[in-house]
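Below is one structure; the comments refer to it alone.
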Amino acid sequence: MAARAAVVAGVGAAACRGDAGRDKPDVADCSTFAVSPTDAVVDVHGALRLEVTGGSGAWRAALVDDRSGAEVGASTGVYITGPASGVTDVLEVTDAACERAAQVRVDVVGDLLLAPREVSVPPGAPVRFDVAGGSGARTCTLRENGSGASLSAACAYTAGASPGQDVVRFVDNGTGEAIDAWIAVDPAFVFDISGRGGLFQPVGGRLVPSPVYGSGSLTLSVVTGDLTVDGDAWVGAREASGTLRVRDRYTDAAIDVPATVLAPRTLEAPRDGERTE
């Protein structure tokens, strides 16, 4: 994803010329003029300091292609990305005395996103993670391992046999941003939902079951009956009864729950011809 930046050296004449009233720099100094990094990945509203070596020392930094709404300090080389992500900014550092310049391309990416951030599971349970944003290149490590858990190279986690707390850390290889997932492991953590004995709702209703333990994120499917689901919600489209399968999105723990949709009932009360004031 990250575009590669090219250092453009020797703009104009190859020899160095001093400005009026300033000592002419050595040719050797001009030949070693360089800017680092040559390319970079920075998250939205992140910062980057350009390092300039060699040359006359009298350089200026500027944005020559500003797609993110960024800013750069002309004399400090401190660059701050703007609010737009998924774009590339181009910076240029110029040493006028040496007639040399270097360009740096910066890929601006969104913040690193992780789900779930907190999960509670019994020993031996697997947990999958959804990671988005950032540069797209990332690594994961077990920052804390209280349960004796395992973590594969593909970031697939399995809880250990002991009660304890585990922390999986994801680090963006491009931006250095880090984000943690906290996992509590205990034999008492058995996935369930409130109202497991039976779910009820009226026609026209919409119900999202409340999970007990797990990741807190669910998917629903119909096992039996003319029931209707929409993602994590059970929709009361019509009078019906059947069985819903409630599954944890990130641990695959699941239970089957009886569910009933009821039409509203009205009280049949015939008039008796009397009234009260």
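The values are calculated or read from the model by the stated rules, or taken from the named source; none is laboratory data. Being a predicted model, the structure only gives us computed values, none of them experimental. Using ideal geometry, Cβ is built from the backbone for each residue, glycine included, and neighbour counts are taken over all protein chains shown. Heavy atoms of the whole protein, side chains included, go into the accessibility calculation; ligands, DNA and RNA do not. Shrake-Rupley method; radii C 1.70, N 1.55, O 1.52, S 1.80 Å.
See the values below:
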item	result
Three-way shape call for the range 182-277 based on the alpha-carbon gyration tensor, with the a/c threshold at 1.5	prolate
Per residue value of the accessible surface for the chain (all protein chains in place, 1.4 Å probe), Å²	52 Å²
Karplus-derived HN-Hα couplings along the range 175-185 (A = 6.51, B = -1.76, C = 1.60, θ = phi - 60°), whole Hz, x at Gly and Pro	9, x, 5, 10, 9, 10, 10, 9, 10, 9, 10
Residue among GLY73, VAL87, ILE255 farthest towards the positive dipole end of the chain, charges placed on Cβ	ILE255
Accessible area in the full protein assembly, largest first, 1.4 Å probe, for THR266, THR224	THR266, THR224
Mean separation of Cα contacts under 8 Å, 6 or more apart, over the residue count of the range 147-277: relative contact order %	18 percent
Relative packing of 212-219, 69-76, which averages over residues the other C-beta atoms within 10 Å, highest first	212-219, 69-76
Farthest positive-ward along the range 129-183 dipole, Cα basis, beta-carbon charges - from ALA154, TRP182, PHE129	ALA154
Pair-distance profile P(r), taking every C-alpha pair of the chain, with 10 angstrom steps and integer %	6, 20, 16, 16, 14, 11, 8, 5, 2, 1, 1, 0
Rounded percent of accessible protein surface that carbon and sulfur make up, the chain, 1.4 Å probe	50 percent
Heavy-atom accessible area ranking, 1.4 Å probe, most first, across CYS98, CYS155	CYS155, CYS98
Local electrostatic count, ILE255, Cβ distance below 11 Å [Lys/Arg +1, Asp/Glu -1]	0
Contact order normalised by residue count of the chain, Cα under 8 Å, 6+ apart, percent	13 percent
Whole-Å distance, taken between Cα centres, linking the range 109-170 and the range 239-255	24 Å
Fluctuation leader among ALA153, ALA34, ALA96 - the chain, Gaussian network, Cα springs under 10 angstrom	ALA153
Pairwise Cα inverse-distance average, inverted: Kirkwood Rh of the range 85-221 (Å)	18.2 Å
Assigned charges on the beta-carbon of Lys, Arg, Asp, Glu; the chain dipole about Cα centre (debye)	300 debye
